[in-house]
């Protein structure tokens, strides 16, 4: 009789039990399905945004999968919480595991984050000539964790992305035009007006020097043994070095032709003959 009464009690409680926990299970299922859907949406949106920004495909794939994983983890936690599972301890375990992994991969994660920032904000691009991380050269490749830089003497330098992003980046290629800064010294006996005219003629007739913006020629310094002029023409970025070499050569030839002295360091040696006894 007691067993029958117990069974009857369970039968009476069954509808309430099913109503309570059935609704929770249904809500958990809905949360899981909706959360999984939004995880896919987050992945597709991230992929689309980064692809439209012409981000490296490796970075696109990684970040898109990371977005999906983050949304999916929150979905699982919310689902478990809905069915009555204590998620506080689960969150603590996941947090501790994430902290341990983060500490173990601190350098790699820093390089990865820096690589993503480089690709997103493009302070430098493949093919640019830069000074970064104590290295000067042309960027050959930007990977997730490092950047490959080819120096002028054809050495390949692999620099960590964090070292580049945490320092100063000097990009010589990003601007269309570039100025050549020269200091030309002439002797104190030289005529200033004549010297400026000779320098201007060189710049006016040079094939690389741009008319807009105009060049600058000015007396900059009265030095110990020379009068120093600054000569600052503008050229197209790709013509910088050929223009610099050619302008210097033409200035030397033009000053020689105009008989304008270019001083150079020299030493006068005076020998005194001592009288013999």
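If each of residue 250 and residue 183 carries a label point 7 Å out from its Cα toward its Cβ, how far apart are those two points in nm?
2.4 nm
Divide the volume of the convex hull of the Cα atoms of segment 123-171 by its number of residues and quote the answer in cubic angstrom per residue.
Taking only Cα atoms, segment 123-171 has a hull volume of 61 Å³ per residue.
P(r) for segment 193-258: what percent of alpha-carbon pairs falls in each 10 Å bin, starting at zero?
20, 53, 24, 3
Could you give the length gained on full extension between residue 230 and residue 30, defined as 0.36 nm per residue of separation minus the Cα-Cα distance, in nm?
In short, 64.5 nm is gained.
Arranged by the count of other C-beta atoms within 10 angstrom, fewest first, what order do 112, 245 take?
Fewest-to-most Cβ neighbours within 10 Å comes out as 245, 112.
State, as an integer percentage, the relative contact order of segment 166-250 based on alpha-carbon contacts under 8 Å between residues 6 or more apart.
Once divided by the residue count of segment 166-250, the mean separation gives 41 percent.
According to a simple spin-label model (label point 7 Å from Cα along Cα-to-Cβ), what is the distance in nm between residue 109 and residue 221?
Each label point lies 7 Å from its Cα, and together they span 5.0 nm.
Points 7 angstrom from Cα along the Cβ direction at residue 194 and residue 126: gap in nanometres?
In this crude label model, residue 194 to residue 126 measures out at 5.7 nm.
Just so you know, all these numbers are worked out from the coordinates, no wet-lab data involved. It should be emphasised that the depicted structure is a prediction, and the values quoted were computed from it without experimental measurement. Please note: Cβ atoms are built from the backbone with ideal geometry, for glycine as well, and neighbour counts cover all protein chains shown.
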